[in-house]
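Q: Quick one: the structure is below, and I'll ask about it shortly.
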Ligand SMILES: NC(=O)c1ccc[n+]([C@@H]2O[C@H](COP(=O)([O-])OP(=O)(O)OC[C@H]3O[C@@H](n4cnc5c(N)ncnc54)[C@H](O)[C@@H]3O)[C@@H](O)[C@H]2O)c1
């Protein structure tokens, strides 16, 4: 190595738009990741902007995304603003030639997502969706174990998230949303189902609202049939009262031709084999220094997602949850609401759209 030459790759300069509840996790994770610098933030609420700038020591801040992009010319834009803002912000960032990471639920519908995917392609910028559940440590271990063939060919899965946690306190907009649990939470579980078993060719769904003080559904039960012939139950509830609430954990059961996997609430992943044996591993997340209970598994997955995004960027490979891939998760959300309305079975759309 020549003296005086660093082997550290040049840092990637990013900006973050939308400084709300979840953005703080993204900012903490970026600040802990070597090789990335968030050079400016943007929120149209000046008080919120000032709070976040001070908390994270970020010198530059704007209330207007257009001004932010003109001033900073960033390598990438991390959009943590809610869905109604996605179209405008993605278009601005793509026109500025910046790579884009955008929060879920992306764009609001598969049709709107398609238009934005095409905009990004046109401007030659990458589009990644911040879909972090498949990056939770415990869930990733299930994905890896299954992909290694540890239980043979899977034929049944259950991805379950049942809690009575008061999510409305930190995210009051969830109580007002016409579509709630599938679009906000089920979307993550549907994405995990795709990561585990591949694309879905049929989907049925039933929903209900238990909490009288909210607008949308807080309970959903979905049945998916995958191209791979796996049948998956995806069930979620924010109306489940339990003495020991597993919030915010997702529990997973998979049956395969040569064994089964069970991910339990205590972060124990058990593999049962065909001879009646079993082995159990602990798959608890390692809490980032900045994490706060009970959010640890989610916060850790934000770090894992962002680290993979950076690694993919450096390696010139696409991330798993690029826009085109996430289109198929969004299509499952759409299919679930249609199936619930009709009490029928729906064939979800798929990328590339017809
Ligand atoms: N991946 C996850 O696990 C996870 C968890 C929670 C929330 N989310 C998602 O993150 C997004 C934000 O959720 P939140 O709970 O942080 O919401 P929030 O309401 O707390 O914050 C959103 C912020 O965006 C700002 N904003 C809105 N439009 C803007 C615009 N055009 N320009 C600049 N700023 C704008 C608002 O002023 C607000 O401060 C949502 O899409 C939500 O679904 C993801």
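The values are calculated or read from the model by the stated rules, or taken from the named source; none is laboratory data. The model shown is predicted, which means the values in this text are computed figures rather than measured ones. Note: ideal-geometry Cβ built from the backbone for every residue, glycine included; neighbour counts use all protein chains shown.
Results for (1) more than 14 Å from the ligand (Cβ to nearest atom); (2) surrounded by fewer than 23 Cβ atoms within 10 Å (Cβ to Cβ); (3) in a strand (DSSP E or B), shown as yes or no for each residue.
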{"residue": "97", "(1), (2), (3)": "yes, yes, no"}
{"residue": "101", "(1), (2), (3)": "no, no, yes"}
{"residue": "108", "(1), (2), (3)": "no, yes, no"}
{"residue": "111", "(1), (2), (3)": "yes, yes, no"}
{"residue": "115", "(1), (2), (3)": "yes, yes, no"}
{"residue": "119", "(1), (2), (3)": "yes, yes, no"}
{"residue": "125", "(1), (2), (3)": "yes, yes, no"}
{"residue": "129", "(1), (2), (3)": "no, no, yes"}
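Q: Sticking with this structure for a sec: Looking at the stretch 69-83, can you tell me whether even one residue there is near the ligand (Cβ under 9 Å from one of its atoms), part of a strand (DSSP E or B) and modelled with pLDDT of 95 or more?
A: Restricting attention to the stretch 69-83, the residues satisfying the condition of being near the ligand (Cβ under 9 Å from one of its atoms) are 79-83.
Checking which are part of a strand (DSSP E or B) leaves us with 79.
Then keep just the ones that are modelled with pLDDT of 95 or more; that gives 79.
Yes, there is a match, as at least one residue in the stretch 69-83 is near the ligand (Cβ under 9 Å from one of its atoms), part of a strand (DSSP E or B) and modelled with pLDDT of 95 or more.
Q: Which of the residues belonging to the stretch 309-354 are within 14 Å of the ligand (Cβ to nearest atom) and farther than 20 Å from residue 203 by Cα?
A: 309, 321
Q: Does residue 140 qualify as being surrounded by fewer than 20 Cβ atoms within 10 Å (Cβ to Cβ), outside the structural domain of residue 77 (by TED's automatic domain parsing), at pLDDT 95 or above and under 30 Å from residue 245 (Cβ atoms)? So that I can check it myself, show each step before the final result.
A: On the way: surrounded by fewer than 20 Cβ atoms within 10 Å (Cβ to Cβ): yes; outside the structural domain of residue 77 (by TED's automatic domain parsing): yes; at pLDDT 95 or above: yes; under 30 Å from residue 245 (Cβ atoms): yes.
So residue 140 passes the test.
Q: Does residue 293 fit the bill of being under 30 Å from residue 170 (Cα atoms) and crowded, with 23+ Cβ neighbours inside 10 Å? So that I can check it myself, show each step before the final result.
A: On the way: under 30 Å from residue 170 (Cα atoms): yes; crowded, with 23+ Cβ neighbours inside 10 Å: no.
Considered against the rule, which asks whether it is under 30 Å from residue 170 (Cα atoms) and crowded, with 23+ Cβ neighbours inside 10 Å, residue 293 comes out as no.
Q: Here is a further query. Only one residue in 242, 224 is surrounded by fewer than 15 Cβ atoms within 10 Å (Cβ to Cβ) and either outside any loop (DSSP other than H, G, I, E, B) or out of contact with any helix residue (DSSP H, G or I) (no Cβ under 7 Å at 6 or more places or on another chain) (or both), so which one is that? Explain how you work it out, then say what you get.
A: On the way: 224 fails: surrounded by fewer than 15 Cβ atoms within 10 Å (Cβ to Cβ).
242 is the lone residue from the list that is surrounded by fewer than 15 Cβ atoms within 10 Å (Cβ to Cβ) and either outside any loop (DSSP other than H, G, I, E, B) or out of contact with any helix residue (DSSP H, G or I) (no Cβ under 7 Å at 6 or more places or on another chain) (or both).
Q: Kindly establish whether residue 40 is surrounded by 13 or more Cβ atoms within 10 Å (Cβ to Cβ), part of a loop (DSSP other than H, G, I, E, B) and within 14 Å of the ligand (Cβ to nearest atom). Walk me through how you get there before you give the answer.
A: Working: surrounded by 13 or more Cβ atoms within 10 Å (Cβ to Cβ): yes; part of a loop (DSSP other than H, G, I, E, B): no; within 14 Å of the ligand (Cβ to nearest atom): yes.
No, not satisfied.
Q: On to the next question. Can we say residue 183 is surrounded by fewer than 16 Cβ atoms within 10 Å (Cβ to Cβ) and either within 21 Å of the chain's Cα centre (by Cα) or within 16 Å of the ligand (Cβ to nearest atom) (or both)? Even if it seems obvious, please write down each step before you answer.
A: On the way: surrounded by fewer than 16 Cβ atoms within 10 Å (Cβ to Cβ): no; either within 21 Å of the chain's Cα centre (by Cα) or within 16 Å of the ligand (Cβ to nearest atom) (or both): yes.
Answer is no for this residue.
Q: For the subset of the stretch 185-220 comprising residues that are in contact (Cβ under 8 Å) with a residue 60 or more places away in the chain and part of a loop (DSSP other than H, G, I, E, B), which member is nearest to residue 335 (Cα to Cα)?
A: 199
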